[in-house]
1. Shape of the stretch 38-89 from its Cα gyration tensor (a ≥ b ≥ c, root eigenvalues): rounded if a/c is under 1.5, otherwise prolate when a/b > b/c, or oblate?
2. Using θ = phi - 60° and the Karplus curve 6.51 cos²θ - 1.76 cosθ + 1.60, what whole-Hz ³J(HN,Hα) does each residue of the stretch 90-98 get, with Gly and Pro shown as x?
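Just so it is clear, none of the values below were taken in a lab; they were calculated from the coordinates. Everything numeric here is computed off the predicted structure, so don't read it as measured data.
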Amino acid sequence: MTTRRRVFRSRRSSRMNWWVMLAALLGLVLVILAVRLVFGDRGFLALVRKQHQEAAIQTEADTATKQRLEMDSKVKLLQDGSLDLDMLEEQAKKNLGYAHPDERVILLKPESEAKETAPTPGDPGKSAGTSPGADH
């Protein structure tokens, strides 16, 4: 009778091992699917990345559209039918360097260069009108 009990327990143990293995396999499959859902090619992180790219492209497209509209308005002013003489004169002076004989041309540095070379108020060595090392 003791032999039967051991055999019966052995069968129950093998059945339980089978269910544990099945549960472990199912758990592993669920973990793999969850990882792919987050990190996969079409997962959550890829979706967020695509949304950021789309926003950047949309901003770039809006900027290009604005620039195109500004250029269109300038071209319209320079066309034969609606030639704006002031616009034509401004473009000739700007692009070709033309000026009337009685005009004086004053060249200014662009704002970015002017800010880089401008003296700082708290720096006595670079303030306007004083030389470095001068005593006050």
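1. prolate
2. Going residue by residue, I get 4, 5, 5, 5, 6, 8, 9, x, 6 Hz, with x marking Gly and Pro.
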